[in-house]
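Each value in this text was obtained by applying a stated rule to the coordinates, not by laboratory testing. As the structure is a computational prediction, the values presented were derived from the model and not from experiment. Every residue, glycine among them, receives a Cβ derived from its backbone with ideal geometry; neighbour counts consider all protein chains shown.
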Amino acid sequence: MREIGHRAGIQSASEDRKFRPKRSVAPGEQFGVPGQGDSRLISISTIFALLLLWVAVTETQIVKPLFLPSPTLVYEKFILVVNVGFANSTLFEHTLISLYRVFGAFLLACVTAIPIGIMMGVNRIVRGIFDPPIEFYRPLPPLAYLPLVIIWFGIGEFSKVLLIYLAIFAPMAISARAGVRSVSIEQIHAAYSMGATASQVIRRVILKSALPEIFTGMRIGIGVGWTTLVAGEMVASTRGVGFMVLNAAEFLASDVVIVGIFVIGTFAFGFDLLMRYLERTFIPWKGKV
Amino acid sequence: MAASLHLDQVGVTFPGRRPGEEVVALEDINLTIEAGSFVVVVGASGCGKTTLLNLMAGFISPSQGQVLLGNKSISAPGPDRGVVFQKHALLPWLNVIENVEFGLDLQGVPKEERRTIAANNLALVGLQDFQKHAIYQLSGGMQQRVGIARALTSNPAILLMDEPMAALDALTRETIQELLLDVWSKTQKMIFFITHSVEEALFMATKLVVMSPRPGRITHSYELDFQARFLRSRDARAVKSEPDFIRMRETILGIIYGDEKTLNVAQGAINNA
C-alpha cells in the first residue's frame, strides 16, 4: 500500500509542470568562471555562416569578383594553379619551397633557441649575455630589420631562412627559459637528497619539467614562422606561397591571393593540430600536477 | 648503520632585508637524535623548524656549530638522509615505481635490482598495486606515501619529514600516522618529523622537542611512549584519549600559544611604533 501511494505521489508531481524537477548543474557552471561549456557547435556554425555569406555576396554581385571572387572561382583557380601553375611554378613547387624555408628555420631554431633558453635559465652568465639582445629585438617587426638582413647577407635563400629564424628564435628561447623556472625547489632538493649530481639535476629534473613550456614555445614559434614567411619571400623570390600571394596582388589576382592564404592557413593549422597531439602523447602530465 | 645525529651548538643567521641587518633563525641548538628514535618538533610558526630540517638535509650550512651524522660532518645533501616534503615533490613524468627507484637509477643501480627494492618499499607503504600509475592519478595521501617509499629507497640512516601530512584530510592523516609508525618500527630508522599538530607529535614521538621563535631555540624536550602503546594495542583513538595524553597535549599547546601571543604583542608594538 505504502509503495503504491509513494508512486502515485511521484506521478502526480511529474504530471504537474510546476513541480517538474530542474536539472542540477555543478557549482561553477552557475556563478563560476564566465564562458564555461562546449563551443564547438558554435564554431562550426560560424564557419558555415561565413562560407554562406561569402557565397551570398559574390553570387548576388554585391561585391565585384575583383575584390572578392566567389568560392567556385577560387576553386577553379586552385585547380589551375595546381595543374598549370602561377608565375612559372605549380602550387606544389611554391608550397614545397615555402615549407622548406619555414621548417628549415623552425628546426634551426629548435636546435639553437631551446638549448640557449635552457642555458639562460640555469646559468647566470649565459642569461646576462643573451637577455639584452633577445629582449631588444624580440618586439621588432621582422620587416624593420629585413633591409639590414638583405644588406648584410644578400638576397639568396640564406637571408629568407635567417629572417624567419630570427622571428622564431626569440619566443622559443624565452619559453625554454621560463620552462626552467617551472621546476619546484622541493623537486630539486629531493633529487640532491637522492644523490643526484648537479648535471643529473639539470638533465633529469629541470629539463623534464621544462618540457611543457618548451612545447608551448615551439607552437608559438612555428606560428610566428608562418606569419614571417610572406615578409621573407618579399626579397627577390621567384617561388614560394608568400611570393605567389605578393605577386598575385600586383596583378590584382585576388583569387590566387585567397588560394595562397588557404594553403598557408591549412598547413599552419594542420601542424598545430599535430603539435597538440604530440603534446598530449608525450607530456600527458601537463597542467595536472 | 646505528649512527646517531648530533647538532652541536648550532646557530643559523640569515642576512636581513636591509644591508647590515641580520636575522637569527636558530640559536644555540643542541639536539641528539639517537639511533632508532622518532623525534618530532613542534612550535609556533617562524620558530625555525624547517631551518633545522634544512640543516640536517644539508640544504643549508650552519653559521655556528656543526651537524654530525655518526662522526661525519654534514655539508651537502646526500642519499644517507631521505627527505619527505610537505608538497609531495614527486616527478610527474615518471610513474609511481619509477619515482621510487629514481635515486637508485641516478646512482647507476641495474634496473632489476632497483625494481626489486622499489617494489618492496612500495609494499611497505601499501601501494604494491599502484606501481604503473601516473602520479596525478593518485590521491594526496597516496602521493605522500610514494614520497615516503622514495625517501626510503636509498636506505638512508634518517628520514627527514617536513610537515608531510599538513595537506591531508584528518582521516587520511590518522591512517598515515599509523602507517608511518609501522614503517618506523619495521625499518628501525631514525625519523625527524616536523608538524603543526600537537596531537600528531605526541602520538608518534619517542622524543618531542618544542621550539620557540625569535631567535629559534629549543625550550622543552620530552621523552614519550605513546607510540609504543599504540604499537602494542593498535588502538590509536584509545591512546589519544588517555588522560596523560590529554594532559601533555594541553601543556604543550599552552607553551606554543604563549609563544604566539608574545609574538603578536611584539608585532603589535612594532606596528604601533
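A convex hull fitted around the alpha carbon atoms of the range A:48-156 yields 201 Å³ per residue. Here the Karplus relation 6.51 cos²θ - 1.76 cosθ + 1.60, evaluated at θ = phi - 60°, turns the backbone of the range A:235-252 into coupling constants of 7, 6, 9, 10, 8, x, 5, x, 4, 4, 5, 5, 5, 5, 4, 5, 9, 6 Hz, with x for every Gly and Pro. Candidates B:THR175, B:MET56, B:SER197 compared by Cα position along the dipole of the protein assembly as shown: farthest toward the positive end lies B:THR175, with charges placed on Cβ. Let a ≥ b ≥ c be the square roots of the eigenvalues of the Cα gyration tensor of the range B:1-155; is it rounded (a/c under 1.5), or, if not, prolate (a/b larger than b/c) or oblate? Cα axes put the range B:1-155 in the prolate bin.
Just check chain A against the gyration tensor rule for me: Cα atoms, a ≥ b ≥ c as the square roots of the eigenvalues, rounded for a/c under 1.5, and otherwise prolate or oblate depending on whether a/b exceeds b/c. Walk me through the intermediate numbers first.
Details: a/c = 3.13, a/b = 1.16, b/c = 2.69.
Verdict is oblate for chain A.
Between A:SER199, B:TYR136, B:VAL41, the Cα set farthest toward the positive side of the dipole of the protein assembly as shown (charges on each charged residue's Cβ, about the Cα centre) is that of B:TYR136. Computed about the Cα centre, the dipole magnitude for the range B:1-133 is approximately 280 debye when only Lys and Arg (+1) and Asp and Glu (-1) carry charge, each at its Cβ. Quick one: grab the alpha carbon gyration tensor of the range B:94-252, order the square roots of its eigenvalues as a ≥ b ≥ c, and give me rounded if a/c is under 1.5, else prolate or oblate depending on whether a/b is larger than b/c. Prolate. Please work out, to two decimal places, the log10 of the ratio I(q)/I(0) at q = 0.06, 0.10, 0.12 Å⁻¹ from a Debye calculation in which every Cα of the protein assembly as shown carries one identical scatterer. Values returned for q = 0.06, 0.10, 0.12 Å⁻¹ are -0.52, -0.97, -1.15. Shown here are the Rg and Dmax of the Cα trace of the range A:226-278, at 12.4, 41 Å.
Calculate the dipole size of the protein assembly as shown relative to its Cα centre from +1 charges on Lys and Arg beta carbons and -1 charges on Asp and Glu beta carbons; express the result in debye to the nearest 20. Could the numbers behind the result be given before it?
Working: 52 positive and 47 negative charges, 110 e Å.
Computed about the Cα centre, the dipole is about 520 debye.
For chymotrypsin sites (Phe, Trp or Tyr not before Pro), the sites in the range A:67-119 that DSSP calls loop and that have at most 15 other Cβ atoms within 10 Å are A:PHE67.
For the range A:99-247, taking Cα atoms only, Rg and Dmax work out to 17.9, 63 Å respectively. Between the range B:193-270 and the range A:81-133, the alpha-carbon centres lie 61 Å apart.
Legend: translational diffusion of the range A:173-212 by Stokes-Einstein, Rh = Kirkwood radius over C-alpha pairs, 20 °C, 1.002 mPa s; D = 212 µm²/s. When chain A is described by a simple charge dipole with +1 on each Lys and Arg Cβ and -1 on each Asp and Glu Cβ, the residue from A:HIS189, A:ILE44, A:ILE220 located farthest towards its positive end is A:HIS189. Taken along its principal axes, the alpha carbon cloud of the range B:1-72 reaches lengths of 45, 26, 19 Å, longest axis first.
Rounded to the nearest Hz, the phi-derived 3J(HN,Hα) couplings of the range A:30-36 under the Karplus curve 6.51 cos²θ - 1.76 cosθ + 1.60 (θ = phi - 60°) are 9, 6, x, 5, x, x, 6, where x marks glycine and proline.
Scaled against 2.2 N^0.38 Å for its residue count N, the alpha carbon radius of gyration of the range B:192-246 is 1.22. For chain B, the spherically averaged projection of the C-alpha convex hull amounts to 16.1 nm². When only C-alpha pairs under 8 Å and at least 6 residues apart count, what is the relative contact order of chain A, in percent? Computed over chain A, the figure is 21 percent. With 29 Å as the limit, the listed pairs A:LYS286/B:LYS49; A:LYS160/A:LYS286; B:LYS111/B:LYS186; A:LYS288/B:LYS186; B:LYS87/B:LYS207; B:LYS207/B:LYS261 have A:LYS286/B:LYS49; A:LYS160/A:LYS286; A:LYS288/B:LYS186 beyond it between alpha carbons. Please work out, to two decimal places, the log10 of the ratio I(q)/I(0) at q = 0.13, 0.15 Å⁻¹ from a Debye calculation in which every Cα of the range A:95-171 carries one identical scatterer. For the range A:95-171, the Cα-only Debye profile gives -0.44, -0.57. Between the amide H of B:GLY65 and those of B:GLY11, distances stay under 5 Å, these residues lying 5 or more places away or on another chain, with hydrogens modeled in the peptide plane. If only the Cβ of Lys and Arg carry +1 and only the Cβ of Asp and Glu carry -1, the dipole of chain A around its Cα centre is close to 1160 debye. Screening chain B for whole DSSP H helices of 27 Å or more along their axis (Cα) with average Kyte-Doolittle hydropathy at least -1.0 returns B:243-272. State log₁₀ I(q)/I(0) for the range A:199-289 at q = 0.12 Å⁻¹ as given by the Debye formula over alpha-carbon point scatterers of equal weight, solvent excluded. The Debye formula, applied to the Cα set alone, gives -0.54.
Measuring spread by the Cα atoms of the range B:101-149 yields a radius of gyration and Dmax of 10.9, 30 Å.
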